[in-house]
1. Kindly indicate whether T226 is part of a helix (DSSP H, G or I), within 16 Å of ligand 2 (Cβ to nearest atom) and polar (S, T, N, Q).
2. With open to solvent by 80 Å² or more (accessible area, probe 1.4 Å) and modelled with pLDDT under 90 as the only criterion, which of Q339, Q318 stands out?
3. Output yes when any residue across region 375-384 is open to solvent by less than 40 Å² (accessible area, probe 1.4 Å), under 30 Å from L294 (Cβ atoms) and of a type in the set (A, V, I, L, M, F, W, C), and no when none is.
4. Here are some conditions: (1) in contact with an Asp or Glu (Cβ under 7 Å, 6 or more places away or on another chain); (2) away from ligand 2 (no atom under 16 Å from the Cβ). A122 meets all but one. Which one does it not meet?
5. List the helices (runs of 4 or more DSSP H) that sit entirely inside region 111-201 and contain at least 3 residues that are open to solvent by 70 Å² or more (accessible area, probe 1.4 Å) and either closer than 30 Å to C268 by Cα or among the charged types (D, E, K, R) (or both).
6. Does P246 satisfy the condition of being open to solvent by less than 50 Å² (accessible area, probe 1.4 Å) and assigned to a loop (DSSP other than H, G, I, E, B)?
7. Within the set of pairs 6 or more residues apart or between chains, which connect a residue that is closer than 18 Å to D427 by Cβ inside region 341-365 to a residue that is of a type in the set (S, T, Y) and open to solvent by 30 Å² or more (accessible area, probe 1.4 Å) with Cβ atoms less than 7 Å apart?
8. Please determine, by comparing only the residues of region 260-293 that are among the basic types (K, R) and part of a helix (DSSP H, G or I), which one is nearest to N106 (Cα to Cα).
Amino acid sequence: MRQPIQDSVWNDVMQYMRVRFEDLARGWFARLEPVSLDRGILTISAENPPQVRYLNEHCTRAFSEALQAATGRIMTVQFESRTAEPAPKPLSFETEEGELHLGGENVFRNFVTGPCNRLAHAAAMAASENPGRAYNPLFIHGGAGLGKTHLLQAVCHRVRNDNPNFRLAYLSCETFSNHFLEAVERGAMHQFRYRYRHADLLVIDDIQFLAARERSQEEFFHTFNTLHQSERQIVLSADCSPEEIPSLEDRLVSRFNSGLVASVDRPCLETRMAIVRAKAKLRCIDAPEDVVKLIAARYDANVRELTGALHKIDLLSQTQGGKIDLNIAREALGMPKPQTQVAIPDILNTVATMYNVRLSDLQGKKRTRSIAFPRHICMYLARELTPLSLEEIGGYFGGRDHSTVIHAHRLIGDRRKTDDQLDQTLDKLRLTLRNNH
Ligand code: ADP
Ligand code: MG
């Protein structure tokens, strides 16, 4: 395209700008282009709308002066942009952005009830079957990982399922607060209020975070009142009861208490076992009862830990043939191997072989040294390696009483302190017996 003015003239203009209007000139001036000249008005193009705004605000007179100096004629300028203004970013709360996603598994069907959560569960069911009328607001509180989010999402699933036209707003307290601030910043309070004050169901998770945000609290108070007055269901969760939330305004505490406040507590062993069974079934994991019990007994504070343990066990079992048993479970959970139980018949057999005596002699009455010594060793090992009582051990040796066992135990125990060979033999026997299991 032909330049509307000669290159040399344009160069003079730019040179003039750089020298005479040093404080106005910017690096990007090098990329300005003369576009057209019409009836004494030179159109100059810039890269983008912000540059054009700058030029219009600060540089019109300077460019006119530079043009007159370069051409000797009276000229004016106008600026245009080579690119369009980018479209404004849509408001987050008018898009789905920031809304929490409903986990598919977090439905009532998958929620295991027990004494710890029965009330919260029943209230959540009632609120979702009769939104706005049963318990409003419903406030569920409890420690981490005890099912609050699960129940909140179950309400959303049920309400959405039963009332497809309902407008649901399910979000974290954090998101509510961020949306509010965005609305303030971008002058979009009207849209913000429309979004949240026209919801049929407002569900906010972890509302305790509202306490730290004064302005969001104020806005939430009004949102709450509007919805409540028009019988729209509000469901909230927090990590503690309304009055325990630090620096939450009294008027909000009393609003939260005006419906139903229900807690979810730590589940008891039975409920934990039921939860592990339910999670295993959901994921098609075949977990035997002793493993279910092991997991439930070990983790008692947080349901997430129960699920985590089940997954670890499942993962390890997949590397070892796919079958889950107690040993795999203990290994997956980093538990030490249980001390192997040694049985008396094993001790008798092992000692009889080593000392070349008959079993019947070990258990009989003979007191010759070649028999009595290995018998004492058997009693000593039985005392050391089995949980049996002295009487029970005596019973294996022809009904001898407990003092005989104590005597044998002391005898061998004392002797091994001074007799290295015996000490080594006993270590060997112990090892053999433990490894046989
Ligand atoms: P919170 O929100 O109270 O921290 P979540 O609702 O996120 O806890 O629960 C953590 C995990 O435990 C989730 O996977 C949830 O499905 C599960 N969970 C908690 N309580 C139960 C329950 N009673 N029955 C079944 N799953 C549960
Ligand atoms: Mg949660």
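1. no
2. Every option except Q339 fails the conditions.
3. yes
4. So the condition that A122 fails would be (1).
5. Qualifying helices (runs of 4 or more DSSP H): 118-129.
6. no
7. Note: pairs meeting the criteria are T350/T432.
8. In this case the residue turns out to be K279.
The values are calculated or read from the model by the stated rules, or taken from the named source; none is laboratory data. Everything quoted here is computed from the prediction, not taken from an experiment. Heads up, the Cβs are rebuilt from the backbone with ideal geometry, glycines too, and the neighbour counts pull from every protein chain shown. All accessible areas refer to the heavy atoms of the entire protein, side chains included, with ligands and DNA or RNA removed. Shrake-Rupley method; radii C 1.70, N 1.55, O 1.52, S 1.80 Å.
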